[in-house]
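Novice: Here it is: the structure, laid out below.
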Amino acid sequence: MHILYKTYLLITGIIFSCSAFAQKKYTPDDSVAVEKKLADIDILIDENKTTIALEKSKVLLQYCESKHFQYGQAWSAIKINDILIAEDDYSNTTAPTNSIIQTGNALKNDDIIGIGYLQTAQYKMYNNKPGEAEPLFEKSIQLLKDKSVYAALAWNERGFNASLSSDLQNQTDYYLKALRLYEKLNNESGMAMVYSNLSVLYNDIAQPEKGIGYAKKSISLREKINDIRGLSYAYCNISQMYLTIDLKEAEKYSQLCTKAAEEINSDGRRIHAINTAGLVKERLGQKNEVLKSSLQVLEILEKKSNPSIDLARQYLATGIIISEGRMDSTTALQYFNKGLKMAQSLNDKTSIRDAYYCITAFFKIRSDFYNAYENIKKYHSYKDSIITSNTQTNIAELQTKYETEKKDNEITRLYSEQKINQLQIEKLNTEQRIKQLAIEKQNAVIAGNRLLAKQKEDEIAMLSKERELLDLQIKQQTETLEKKSLLAKNQQQQLQLADKEKALNEAAVKRQKQSKNIIIGAGLASLIIGGILFNRYQLKKKIAEQQALLAVRDNIAKDLHDEVGSALSSIKILSEVSLKNIEKDKIKSSALLQQIVTQSEKSQQGISDIVWSVKPDNDKLENITVRMREYISQTLEPRNVEVNFNASDEVLQKKLDMQQRKDVLLIFKEAVNNIAKYSGCTKASVLIENHQKKLLFHFIDNGSGFNQDKITSSNGLKNMKARAASLNGDMQIVSSPGNGAHLTLTIPTA
């Protein structure tokens with residue numbers, strides 16, 4: 001941002017300043033020596049040897065103090081402050097600016113006083129006090145009177161100060177005034193600095209193409225004069241402008257920015273480079289590196305321990321990275337609130353606006369539409385207070401005014417034309433006089449008056465030379481006129497373009513206002529519709545859950561009725577018959593009581609199965625196989641049947657819902673019961689496998705087998721097939737007399 005300038009010190013001002021000799025302990029030779037040392041310091045600054053330059057400036061200040069050389073003291077202190085400001089050191093302790101102002105008053109030197117006010121304003125501005133800085137900039141400009149590079153610097157810095165208050169119109173006006181003065185002084189480093197600032201300004205008002213154009217002008221000049229410090233900023237700025245336009249260009253300039261920052265070794269430049277590299281990495285999808293870069297910048301900024309706009313915006317940037325990466329919602333919101341709070345304490349409207357936008361996006365992503373709506377209202381409120389409907393139009397008018405001032409060339413052209421006409425008249429008069437003298441000479445020769453003839457000849461020779469000079473002047477004036485005509489024509493074309501651009505900007509502002517109203521309306525509508533749809537979705541989900549719960553209750557009631565109801569009815573009948581026969585036929589009564597015990601056990605087992613299938617803890621097939629093994633041990637092992645039960649680890653991790661668990665278990669029990677009651681086998685196998693997203697249950701025995709054609713009416717097999725169908729599965733039976741049986745249950749899984 002800051003460029004150090006060539007020594008603004010005149011030998012005559014040092015040697016002949018009467019006030020400076022009031023307490024004289026120095027000689028004119030000392031004055032010349034101080035001037036040379038100041039010039040050497042400027043050379044060191046230009047070569048980016050700022051550490052050496054700062055030490056030499058401090059030594060020079062001590063030397064001037066020892067000599068009571070006030071003029072040298074002031075300029076040594078000015079150089080110290082120039083270096084400190086360029087190094088982002090705004091502590092205002094090494095060379096207090098009030099002493100510069102006091103020295104300037106003692107010397108009655110407006111330049112020194114003006115520079116003192118300028119540097120005081122810079123310290124205020126960079127310590128986040130733009131309101132206190134503004135009147136100091138104004139005093140500085142009044143004293144410097146647009147006659148030095150420091151006056152141009154004052155306009156530039158005043159423009160940057162206006163940006164801190166989000167005053168875009170004055171920001172543009174001040175930058176253009178600085179540019180005019182730098183152009184007048186032919187100061188390339190100053191022009192490059194203003195071009196860089198204008199590039200950021202136009203990018204901020206959504207004109208990235210114009211911003212890139214100014215950035216390239218700045219880079220071209222800075223590369224020409226080898227301004228590494230300025231290039232580090234310019235490279236980073238243009239890299240960020242290219243992020244949404246050309247990612248390769250963004251990456252190229254980011255690398256150049258990092259290289260320049262490393263060469264300078266400055267915290268401010270490193271922060272800018274790290275942030276820019278982080279933005280490029282984000283675009284390249286390197287999410288882990290982005291957060292790392294952001295935290296590095298926070299560490300540097302927080303060490304400075306004082307609130308700053310840079311720190312506020314860095315909090316927002318870190319929050320965005322965490323929020324978009326869905327890393328930690330609480331931490332992201334904390335960073336957003338830190339950034340907002342700091343921006344509010346500094347009254348930085350632009351950062352406050354951006355903070356509300358970040359918080360809006362945060363809540364929107366998480367479907368918290370109420371908080372999103374509340375923050376988007378605040379965002380638009382601050383946005384409208386920063387960029388009014390006339391801001392872009394006013395900026396375009398300032399640009400046009402800047403170009404219009406150059407129409408003075410038209411007046412110059414008219415004067416040139418008048419001058420040419422005047423010279424041509426003078427030439428014509430000279431030619432006529434030459435002709436007259438030629439006649440007079442001829443008459444003198446005829447009259448024999450040689451002296452008069454010689455005199456006339458000398459006059460003719462002199463007038464001939466004058467005519468040649470007039471020819472040369474006419475030629476020069478004509479060439480100048482042609483050049484200025486071309487320049488004026490070019491400027492006229494630029495003015496026409498500026499007028500068209502102004503019209504386009506006004507139309508764009510109008511469209512933006514209409515679009516904003518439409519977007520806000522659509523946003524409100526979408527929030528309302530989104531809320532309705534979300535509530536409707538929640539209602540549907542709740543209804544579905546209730547229906548599922550009712551279905552579960554119905555199934556449990558049905559199962560209890562089937563399993564327990566029939567068993568209790570049977571027990572009741574057996575109890576009544578047993579009671580009637582208990583005296584008459586004790587043997588028959590004993591058999592009936594045994595049946596009651598069996599029915600009770602069966603009922604108890606049925607209830608146990610229902611309760612087991614309802615528990616969500618038993619959704620894994622691993623838990624189902626445990627219950628299957630228990631049932632096998634109770635049913636087949638007492639009959640001395642050798643059982644092979646096998647299920648792979650992959651199968652055991654599969655999950656079944658409540659209905660699937662119940663149906664699979666009932667099919668299993670029916671199959672095992674059939675083996676126990678009818679097969680007469682000595683060996684049986686139960687195998688479970690997974691194949692192409694399907695579960696296969698195999699029940700195999702080496703028993704007597706059966707003729708499938710004769711048992712088609714069997715309720716047991718029919719129930720098994722019906723349950724398989726309810727599972728969207730299939731039951732296959734392979735058996736024949738004397739060859740055992742093989743039942744295969746196939747059901748789909750997720």
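The values are calculated or read from the model by the stated rules, or taken from the named source; none is laboratory data. As the structure is a prediction and not an experimental result, all values here were calculated from the model. Cβ coordinates were reconstructed from backbone atoms using ideal geometry, including for glycine residues, and neighbour counts include every protein chain displayed.
Novice: Identify all residues within the stretch 219-255 that are under 22 Å from LEU201 (Cβ atoms) and of a type in the set (A, V, I, L, M, F, W, C); write none if there are none.
Specialist: Hits for the stretch 219-255 are ILE219, LEU221, LEU231, ALA234, CYS236, ILE238, MET241, LEU243, ILE245, ALA250.
Novice: Of all residues in the stretch 357-385 being over 21 Å from the mean Cα position of the chain (by Cα) and outside any helix (DSSP H, G or I), which is surrounded by the fewest Cβ atoms within 10 Å (Cβ to Cβ)?
Specialist: The selected residue is SER367.
Novice: All but one of (1) of a type in the set (Gly, Ala, Ser); (2) touching a Ser or Thr at 6+ places or on another chain (Cβ under 6 Å); (3) surrounded by fewer than 24 Cβ atoms within 10 Å (Cβ to Cβ) hold for SER165; state the number of the condition that does not hold.
Specialist: Condition (2) is where SER165 drops out.
Novice: Quick one: which residue in ASP46, ASP40, ASP30 is modelled with pLDDT under 85, under 19 Å from VAL149 (Cβ atoms), surrounded by fewer than 19 Cβ atoms within 10 Å (Cβ to Cβ) and of a type in the set (D, E, K, R)?
Specialist: Every option except ASP46 fails the conditions.
Novice: Here's something else I'd like to know. Being touching a strand residue (DSSP E or B) at 6+ places or on another chain (Cβ under 9 Å) and closer than 24 Å to LYS620 by Cα is the requirement here; does ASN707 meet it?
Specialist: No, not satisfied.
Novice: Further question: Among the residues of the stretch 1-18 satisfying the criterion of being in a helix (DSSP H, G or I) and surrounded by 12 or more Cβ atoms within 10 Å (Cβ to Cβ), which is modelled with the highest pLDDT?
Specialist: GLY13
Novice: Here is a check on your reading of the model: is ASP173 in contact with a Leu (Cβ under 7 Å, 6 or more places away or on another chain), part of a helix (DSSP H, G or I) and not β-branched (Val, Ile, Thr)?
Specialist: It is true that ASP173 is in contact with a Leu (Cβ under 7 Å, 6 or more places away or on another chain), part of a helix (DSSP H, G or I) and not β-branched (Val, Ile, Thr).
Novice: Could you grab the pairs with beta carbons closer than 6 Å, sequence gap of 6+ or different chains, first residue in the stretch 49-66 and free of Cβ contacts under 8 Å to residues at least 40 places away in the same chain and in a helix (DSSP H, G or I), second one surrounded by 18 or more Cβ atoms within 10 Å (Cβ to Cβ) and among the basic types (Lys, Arg)?
Specialist: Between residues of the stretch 49-66 that are free of Cβ contacts under 8 Å to residues at least 40 places away in the same chain and in a helix (DSSP H, G or I) and residues that are surrounded by 18 or more Cβ atoms within 10 Å (Cβ to Cβ) and among the basic types (Lys, Arg), the close pairs are SER57/LYS79; LEU60/LYS37.
Novice: Another question, then. Run down ILE300, ILE321, ILE271, ILE309 and say which single residue is more than 25 Å from PRO208 (Cα to Cα), surrounded by 16 or more Cβ atoms within 10 Å (Cβ to Cβ) and of a type in the set (A, V, I, L, M, F, W, C).
Specialist: ILE300
Novice: Quick one: what pairs do we get from the stretch 119-135, first residue outside the structural domain of TRP75 (by TED's automatic domain parsing) and over 22 Å from ARG313 (Cβ atoms), second of a type in the set (Phe, Trp, Tyr) and surrounded by 22 or more Cβ atoms within 10 Å (Cβ to Cβ), C-beta under 8 Å, 6+ apart or different chains?
Specialist: Sorted first by the residue in the stretch 119-135, then by its partner, the pairs are ALA121/PHE137.
Novice: Regarding the stretch 728-736, can at least one residue be identified that is modelled with pLDDT of 85 or more, within 60 Å of the chain's Cα centre (by Cα) and not charged (D, E, K, R)?
Specialist: yes
Novice: Counting just the residues of the stretch 339-366 that are in contact (Cβ under 8 Å) with a residue 24 or more places away in the chain and charged (D, E, K, R), which one comes out nearest to LYS124 (Cα to Cα)?
Specialist: Per the criteria, the residue is ASP348.
Novice: Just for the stretch 637-667: of the residues that are of a type outside the set (A, V, I, L, M, F, W, C) and closer than 12 Å to THR625 by Cβ, which one is modelled with the highest pLDDT?
Specialist: Residue satisfying both the conditions and the ranking: ASN646.
Novice: Which condition number in (1) assigned to a helix (DSSP H, G or I); (2) more than 19 Å from the chain's Cα centre (by Cα); (3) not hydroxyl-bearing (Ser, Thr, Tyr) is the one that VAL280 fails?
Specialist: (2)
Novice: Let me ask something else. Which of (1) on the phi > 0 side of the Ramachandran plot; (2) part of a helix (DSSP H, G or I) is the odd one out, the single condition GLY285 does not satisfy?
Specialist: Here GLY285 meets the rest and fails (2).
Novice: Could I ask something else about it? I'm trying to understand the selection: among the residues of the stretch 137-150, which are among the aliphatic types (A, V, I, L, M) and buried (at least 24 other Cβ atoms within 10 Å of the Cβ)?
Specialist: Correct list: LEU144 only.
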